[in-house]
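Enquirer: Pasting a structure below so you can have a look.
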Amino acid sequence: MNQETISPFLQFFIREGVPFETVRLIFMLPIIATFIAFLRQVVGIKAFGIYTPLIVTFAFLATNGLKYGIAIFVTIILVGMIMRFVLKPFRLLYLPRVAIMLSMVAFLILAMLVVGGSLKRTGLASVSIFPILIMITLVEKFIAVQIEKGDKTAILLALETLAISIMGYYIASWGALIRLLSVFPWVIVLTIPINIFLGKWTGLRIQEYFRFKDVIKKI
């Protein structure tokens with residue numbers, strides 16, 4: 001992006017040695033978090049809270065293309081499901097069981113990277129360790145929900161988390177928004193009153209209108 005069009009506020013950080021990409025992602029964080037809060041409070045999409053889809057969104061941004069991020073995400077969830085049933089007969093305590101699952105996920109991801117390299121999928125083979133580690137932490141969250149609420153709920157929340165993260169990825173990659181924040185970074189301050197409004201939301205969620213449509217019709 002042309003340095004002359006960037007806000008003096010952002011130019012200060014860049015002059016101090018902070019990469020523009022880092023500044024951009026930090027300024028995107030409140031927007032993505034507010035978007036997730038909106039989906040939770042108004043639409044009714046739960047996902048794995050607000051933090052998990054937020055960090056998965058940034059993990060997607062750090063991978064070499066959304067398709068590789070989705071592939072890693074799906075692999076992690078599938079391995080978590082399979083390993084839970086494989087380890088169930090051993091009746092292990094929670095933490096050692098999760099440690100084994102994390103280890104198996106790590107080995108399988110490594111195998112994926114090797115396969116990607118052998119198939120000349122350089123984008124997959126060169127994925128940084130940090131987004132992989134971020135998404136591997138999904139295993140513990142997924143297993144905890146499986147134990148507390150069952151497989152169906154865990155899979156649904158995982159799919160919702162994936163959907164929100166994909167939407168967040170496209171928002172954070174939206175060129176018009178990036179240019180807007182580069183010229184008018186103060187726009188992120190607007191997320192505060194928006195979140196105050198969402199925090200006082202007492203109406204039905206959009207999802208509930210569909211869920212209770214028969215009751216609403218009678219009323």
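The values are calculated or read from the model by the stated rules, or taken from the named source; none is laboratory data. Since this is a predicted model, take the numbers as computed values, not measurements. Here the Cβ is made from the backbone with ideal geometry for all residues, glycine too, and neighbour counts use every protein chain on show. Please note that ligands, DNA and RNA were not included when accessible areas were found on the heavy atoms of the full protein model with its side chains. Shrake-Rupley method; radii C 1.70, N 1.55, O 1.52, S 1.80 Å.
Enquirer: Loop-only GluC sites (Glu not before Pro) in the range 4-46, please: DSSP not H, G, I, E or B, and at most 12 other Cβ atoms within 10 Å.
Expert: Glu16
Enquirer: With a 1.4 Å probe and every protein chain left in place, work out the accessible area per residue of the range 64-219 in Å², rounded to a whole number.
Expert: In whole numbers, the range 64-219 has 63 Å² accessible per residue.
Enquirer: If r is the Cβ-Cβ distance from Arg211 to Ser7 and R0 is 35 Å, what FRET efficiency results, to the nearest 0.05?
Expert: 0.20
Enquirer: Further question on the same structure: Normalising by the residue count of the range 25-177, find the relative contact order in percent from Cα pairs under 8 Å and 6+ residues apart.
Expert: Averaging sequence separation for qualifying contacts and normalising by length gives 39 percent for the range 25-177.
Enquirer: Evaluate E = 1/(1 + (r/R0)^6) for Tyr170 and Tyr51, where r is the Cβ-Cβ distance and R0 equals 22 Å; express this FRET efficiency to the nearest 0.05.
Expert: Details: r = 20 Å, r/R0 = 0.90.
Working from the Cβ atoms, E equals 0.65.
Enquirer: If you take every residue apart from Phe85 with its C-beta less than 14 Å away from the C-beta of Phe85, what net charge results, scoring Lys and Arg +1 and Asp and Glu -1?
Expert: +3
Enquirer: Moving to a separate point now. Compute, for Ile166, the solvent-accessible surface of its heavy atoms (probe 1.4 Å) with the complete set of protein chains present, and express it in square angstrom to the nearest 10.
Expert: Accessible surface of Ile166 is approximately 40 Å².
Enquirer: Take the alpha carbon atoms of the range 1-85, find their radius of gyration, then divide it by 2.2 N^0.38 Å using N residues; give the quotient.
Expert: Numbers: Rg = 17.1 Å, N = 85, 2.2 N^0.38 = 11.9 Å.
Compactness ratio reported: 1.44.
Enquirer: Then there is this: Tally Lys and Arg at +1 and Asp and Glu at -1 over the other residues with C-beta under 12 Å from the C-beta of Leu159: what net charge comes out?
Expert: That sum, taken over residues with Cβ under 12 Å, equals +1.
Enquirer: Let me ask another. How long is the gain from Val74 to Glu148 if the chain were fully straight, where each residue apart is worth 0.36 nm and the alpha carbon distance is subtracted?
Expert: In short, 24.5 nm is gained.
Enquirer: Follow-up. Measure off, as a whole percent, the carbon and sulfur share of the 1.4 Å-probe accessible area of the chain, all protein chains present.
Expert: Values: 9120 of 12950 Å².
Looking at the chain in its full context, I get 70 percent from C and S.
Enquirer: If we count every other residue with Cβ under 15 angstrom of Pro131's Cβ, Lys/Arg +1 and Asp/Glu -1, where does the sum land?
Expert: Taking every other residue near Pro131 into account, the sum is 0.
Enquirer: Here's a follow-up. Can you list the trypsin sites (Lys or Arg not before Pro) in the range 30-127 that are in a DSSP coil and have 10 or fewer other beta carbons within 10 angstrom? All intermediate terms of the calculation are to be shown ahead of the outcome.
Expert: Numbers: sites: Arg40, Lys46, Lys67, Arg84, Arg91, Arg97, Lys120, Arg121; in loops: Lys46, Arg91, Lys120, Arg121.
Of the trypsin sites (Lys or Arg not before Pro), the ones in loops of the range 30-127 whose Cβ has at most 10 other Cβ atoms within 10 Å are Arg91, Lys120.
Enquirer: Mind putting together the pair-distance distribution for the range 1-152? All Cα pairs, 10 Å bins, whole percent per bin, short to long.
Expert: Percent of Cα pairs in each bin: 10, 30, 30, 21, 7, 2, 0.
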